[in-house]
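In what follows, a structure is listed as structure tokens, so that the remarks can point back to it.
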Amino acid sequence: GLGPYDNGNIFARILRHEIQATLVFENEHAVAFNDISPQAPTHILVIPRGAYVSFADFAARAGDAEISGFFRAVSTVATQLGLDASGYRLLSNIGDHAGQEVPHFHVHLFGGKPLGRMLA
Ligand code: 5GP
């Protein structure tokens, strides 16, 4: 696994405003910002404010209101960015086999062009 939550991870630092990010959405449940190395015309990262190392940790430890609020926020970001009509993709890497680089749970949101068929 990823071990205990590391308060020094880059997304924790973005949440504390210690490093800059281009925010596109923020509420009590979630913060969304542009990926620093975009892999599509729209490439957003959506993160919960709470300290969870991965989706698995979030699903196991977050409260129901936190979980629903987070996923509702992901949907709101997609809507506000105008991605609903043409579609978009969500992805979350969990742990070593998925190549997770930042140990704070995040959902990638990709869109803005046809993305091609990609299941793994
Ligand atoms: P992972 O492999 O953990 O799912 O993806 C981490 C993502 O975070 C990558 O797409 C990477 O480009 C992005 N990222 C890493 N460091 C930073 C940063 O300092 N700022 C922003 N905005 N994105 C970052």
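Numbers below:
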read-out: Filter result (part of a helix (DSSP H, G or I), within 20 Å of Asp96 (Cα to Cα) and away from the ligand (no atom under 11 Å from the Cβ)) within segment 34-71; value: Ala56, Asp57, Phe58, Ala59, Ala60
read-out: Near pairs, Cβ below 6 angstrom, 6+ apart or cross-chain, from segment 39-59 (touching a residue at least 12 places away in the same chain (Cβ under 8 Å) and closer than 18 Å to Val77 by Cβ) to any residue that is more than 10 Å from the ligand (Cβ to nearest atom) and charged (D, E, K, R); value: Pro41/Lys113
read-out: Residue selected from segment 1-25 under the condition more than 23 Å from Thr76 (Cα to Cα) and small (Gly, Ala, Ser), by the criterion nearest to the ligand (Cβ to nearest atom); value: Gly8
read-out: Matching residues, segment 34-55, being of a type in the set (Ser, Thr, Tyr), over 10 Å from His104 (Cα atoms) and surrounded by 15 or more Cβ atoms within 10 Å (Cβ to Cβ); value: Thr42
read-out: Qualifying residue in segment 26-33 (condition: exposed (fewer than 15 other Cβ atoms within 10 Å of the Cβ), more than 10 Å from the ligand (Cβ to nearest atom) and in a strand (DSSP E or B)); value: yes
read-out: Neighbours by Cβ (under 9 Å, 6+ apart or cross-chain): first from segment 8-22, surrounded by fewer than 16 Cβ atoms within 10 Å (Cβ to Cβ); second assigned to a helix (DSSP H, G or I); value: Glu18/Ala12; Ile19/Ile10; Ile19/Arg13; Gln20/Ile14
read-out: Residue in segment 102-112 that is surrounded by 12 or more Cβ atoms within 10 Å (Cβ to Cβ), among the aromatic types (Phe, Trp, Tyr) and touching a residue at least 60 places away in the same chain (Cβ under 8 Å) present; value: yes
read-out: Tally of residues being surrounded by fewer than 18 Cβ atoms within 10 Å (Cβ to Cβ) and more than 21 Å from Leu23 (Cα to Cα) across segment 56-67; value: 7
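Residue by residue, here is whether (1) touching a strand residue (DSSP E or B) at 6+ places or on another chain (Cβ under 7 Å); (2) within 16 Å of the ligand (Cβ to nearest atom); (3) aliphatic (A, V, I, L, M); (4) more than 13 Å from Val24 (Cβ to Cβ) holds:
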| position | (1), (2), (3), (4) |
| --- | --- |
| Thr79 | no, no, no, no |
| Asp84 | no, no, no, yes |
| Tyr88 | yes, yes, no, yes |
| Ser92 | yes, yes, no, yes |
| Ala98 | no, yes, yes, yes |
| His106 | yes, yes, no, yes |
| Leu109 | yes, yes, yes, no |
| Lys113 | no, no, no, yes |
| Met118 | no, yes, yes, yes |
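No value in this document is a laboratory result; all are computed from the given coordinates. Predicted model, so just to flag it, every value in this text is computed and none were measured. Every residue, glycine among them, receives a Cβ derived from its backbone with ideal geometry; neighbour counts consider all protein chains shown.
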